[in-house]
Every structure is written in C-alpha cells, then in structure tokens.
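**Q** Here you go, one structure.
The values are calculated or read from the model by the stated rules, or taken from the named source; none is laboratory data. It should be emphasised that the depicted structure is a prediction, and the values quoted were computed from it without experimental measurement. Every residue, glycine as well, gets a Cβ built from its backbone with ideal geometry; the counts of neighbours run over all protein chains shown. Just so you know, the surface numbers come from the protein's heavy atoms only, side chains and all, with ligands and any DNA or RNA stripped out. Shrake-Rupley method; radii C 1.70, N 1.55, O 1.52, S 1.80 Å.
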Amino acid sequence: NSTARGVTSDVDSLAEEVRLLQEALAALEAQRLGDAESACRRHRAGFPRGVLAVEFDAVEVLTACATHDRAAAEAKARALLAAGHGRNPAVQRLRTSCAAAAFESP
C-alpha cells in the first residue's frame, strides 16, 4: 500500500529530524559549537522543508550567541519573526538570548 509506505517514510523522516535536533541541542549544551552547527547543516541538507526547520533555526541563533556573533543571531531571529514564527516555543525562548533585541518593536 503506497499510503502506508508514505506514512512510514514521514514517520522515519520525523524521527531522523528529532534525532538530529537532539544531537544539535546536546552539542550546544556541551559547548561543542562546531558539532551543533554541523547537525544544523546536515538537517538543512537532508530536510530542506523539514518539520523542525524552525527549531534548527533557533539552534543556529543560540550557536551564534555562543560564538559572540550577536549581529548574526539578531538577523536570524528577525528572519524567524518576519516569517511568522514568533509564536513557536523555540523562537519564544530566544527572547532571553543575545538576540533579544530582535523582539523589540522598531
């Protein structure tokens, strides 16, 4: 049944996205910033329209903060807000990051 195969494929894809996100977050927490960035790049390459794309973008903001690249962090956060992701919990958590200025009204 092609429908069942499609559902299985979607579930497998989501499971792989979750695994990559967990890898990225663990690397970020351990200050292995290169590994966090690598997980984000692998997600972008493997899942260009992934379900968890916004969460990976948020990890990229936090990684930029950790590398003291405030301008990049704020630019990425502004892009997330402009794309309508302001209510996403991962984006909301950025309010307490170095990119907090992106949430201020112009």
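**Q** If the rule is a partner Cβ under 4.7 Å, which cysteines in the chain fail it?
**A** C40
**Q** Let me check something: with ligands and nucleic acids excluded, how do D57, D10, D69 order by accessible area (1.4 Å probe), largest to smallest?
**A** The ordering from most to least exposed comes out as D10, D69, D57.
**Q** Same structure again: For segment 43-93, what does the accessible surface come to per residue with a 1.4 Å probe? Please give it in Å².
**A** Value for segment 43-93: 57 Å² per residue.
**Q** Determine which residues of segment 16-39 fall in the zone a paramagnetic label at A45 would reach in this model, i.e. backbone nitrogen under 18 Å from the point 7 Å along Cα→Cβ.
**A** From segment 16-39, the list is 16-25, 33-39.
**Q** Percent of accessible area on the chain owned by carbon and sulfur, 1.4 Å probe?
**A** Whole-percent figure for carbon plus sulfur exposure: 54.
**Q** Rg and Dmax of the chain, Cα atoms, in Å?
**A** Looking at the chain, its Cα Rg and Dmax stand at 14.9, 53 Å.
**Q** Also, quick follow-up: Using the alpha-carbon atoms, what tilt in degrees (0 to 90, nearest 10) does helix 70-82 show relative to the longest principal axis of the chain?
**A** Tilt relative to the chain: about 60 degrees.
**Q** What FRET efficiency comes out for Q22 versus R78 if R0 is 25 angstrom and r is the Cβ-Cβ distance? Round to the nearest 0.05.
**A** Plugging the Cβ-Cβ distance into 1/(1 + (r/R0)^6) gives 0.40.
**Q** Just need the relative contact order of the chain here, percent rounded to a whole number, with Cα pairs under 8 Å and 6+ apart. Intermediate values should be presented prior to the final figure.
**A** Values: 108 pairs, mean separation 21.8, N = 106.
Value for the chain: 21 percent.
**Q** Go ahead and estimate [θ] at 222 nm for the chain from helices alone: -39,500 (n - 2.57) per DSSP H run with n ≥ 4, summed, over the residue count, rounded to 500. Mind dumping the intermediate values first?
**A** On the way: 5 runs with 73 residues, N = 106.
That calculation yields -22500 deg cm²/dmol at 222 nm.
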